[in-house]
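K.L.:
There's a structure below that I have some questions on.
Just so it is clear, none of the values below were taken in a lab; they were calculated from the coordinates. Because the structure is a prediction, the values reported are computed rather than measured. Here the Cβ is made from the backbone with ideal geometry for all residues, glycine too, and neighbour counts use every protein chain on show.
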């Protein structure tokens, strides 16, 4: 399916209008938006980042982020779920980490059959996998393959997943550092089941339930890759950039929707016997601040995405730009939504208005990697601990 980036963005904007009509119901019920994903499948969005050699659109990172922002302005849960699927293909095509045979099957599944794919790495006792913890989910070698047992949390898209890449500790006979493997698990493999646990403050329509594996027998070639604990994740900076900037783009979409709601309210609201509130200095100052926050966030995300796409070697390093963009965007967008609610006032708390949903959804990305403390430590380490190139003599 051949479209220009502008055509993809325009189509995303059109779909987002329909998603916005359904979002209150899915948020209220905590239900999964199957109809949204059917429309995304029919329009080709499930193959947006799949390589062209497998029939995908192979959209570059900067353009992909524009699409996510548009979708998130309609329904953040749908946009976030789609991002968790698409990041697998975008990052993998740039930094291959799994056997080509399996990657090809997942790509063709997404293009031809509308398969949804995600990773399953988080566990209740583990916390964020990016923190370096060892999963309790374990894989035991057998004569013909592997047996997996464990439970994963935050498995976004769980009600509609076809496959998941599951991290597990590999049981070893010899003592030594733990080994972590990534295994390809299909949701119809015997012993795999979903437990519906997702009842959250925000992003209530992502279907991020628990994935339970009970004596799941896998062929030997379902082990996609492995590494010693403490060694770099084979997915590397590509996954970091695609994931973190995707979270940031979704967050901008939520804040933009809140901005539009506040602006429309300020233009229309005329208290009895008074002038329109858009003429009030406090309202004008808050709207102006929202404009600044959104523009700054989008600029940081675009800068990091372009730096990654062009493999820029100009300082600051790309990984630092990604960390800066994610942390600053999350904080700026939270402030923007807070300001929007102050413009609208007490009625912004009502469930029949979308602002209270935006207020909850915009905070979700705080808990996606890179977490703020780790991102700030990354920036501090680069500035304070690593050798610095000479910048010139000091008199």
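K.L.:
Using Cα pairs closer than 8 Å and at least 6 residues apart in sequence, work out the relative contact order for the chain, in percent.
P.N.:
Over the chain, the number comes to 16 percent.
K.L.:
What is the fewest-to-most order of 310, 206, 137 by other Cβ atoms lying within 10 Å of their Cβ?
P.N.:
With the fewest neighbours first, 310, 206, 137 line up as 310, 137, 206.
K.L.:
What number, in nm² with one decimal, is the all-direction average of the projected area of the convex hull of the alpha-carbon atoms of the range 5-115?
P.N.:
For the range 5-115, averaging the hull's shadow over all directions gives 6.6 nm².
K.L.:
Here's another thing I want to ask about it. Output the relative contact order of the range 120-228, whole-number percent, from Cα pairs under 8 angstrom with separation of 6+ residues.
P.N.:
Over the range 120-228, the number comes to 32 percent.
K.L.:
Okay, moving on. Please order 326, 152 by the number of other Cβ within 10 Å, starting at the fewest.
P.N.:
Lowest count first: 152, 326.
K.L.:
Neighbour counts of other C-beta atoms within 10 Å: give me 167, 31 arranged from fewest to most.
P.N.:
With the sparsest Cβ surroundings first, the list reads 31, 167.
K.L.:
Related question: Using a 10 angstrom cutoff on alpha carbons, build the Gaussian network for the chain and name the most mobile of 163, 266, 139.
P.N.:
Highest fluctuation among the options: 266.
K.L.:
Let me check the size of the chain from its C-alpha atoms; what are the radius of gyration and Dmax in Å?
P.N.:
Just the Cα atoms of the chain yield Rg and Dmax of 22.1, 82 Å.
K.L.:
Considering the Cα trace of the range 275-395, what is its radius of gyration and what is Dmax, both in angstroms?
P.N.:
Cα radius of gyration and Dmax of the range 275-395 are 19.0, 65 Å respectively.
K.L.:
Tilt of helix 281-310 relative to the longest C-alpha principal axis of the chain, in degrees (0 to 90, nearest 10)?
P.N.:
For 281-310 against the chain, the angle is about 30 degrees.
K.L.:
Would you work out if the range 33-190 is rounded, prolate or oblate? Take a ≥ b ≥ c from the square roots of the eigenvalues of the alpha-carbon gyration tensor; rounded if a/c is under 1.5, else prolate when a/b is larger than b/c, oblate otherwise.
P.N.:
prolate
K.L.:
Now, a different point. Could you grab the Rg to Rh ratio for the range 302-347? Cα atoms only, Kirkwood for Rh.
P.N.:
So for the range 302-347, dividing Rg by the Kirkwood Rh gives 1.26.
K.L.:
Oh, and also: Mean residue ellipticity at 222 nm from the helices of the chain, using -39,500 (n - 2.57) per DSSP H segment of n ≥ 4 over the full residue count, to the nearest 500 deg cm²/dmol?
P.N.:
Helix contribution divided over all residues of the chain: -16000 deg cm²/dmol.
K.L.:
Over the range 61-183, what is the relative contact order in whole percent, taking alpha-carbon pairs under 8 Å and six or more residues apart?
P.N.:
Numbers: 148 pairs, mean separation 26.2, N = 123.
Answer for the range 61-183 is 21 percent.
K.L.:
Moving on. State the Cα centre-to-centre distance between the range 146-204 and the range 1-32 in whole Å.
P.N.:
After rounding, the separation between the Cα centres reads 28 Å.
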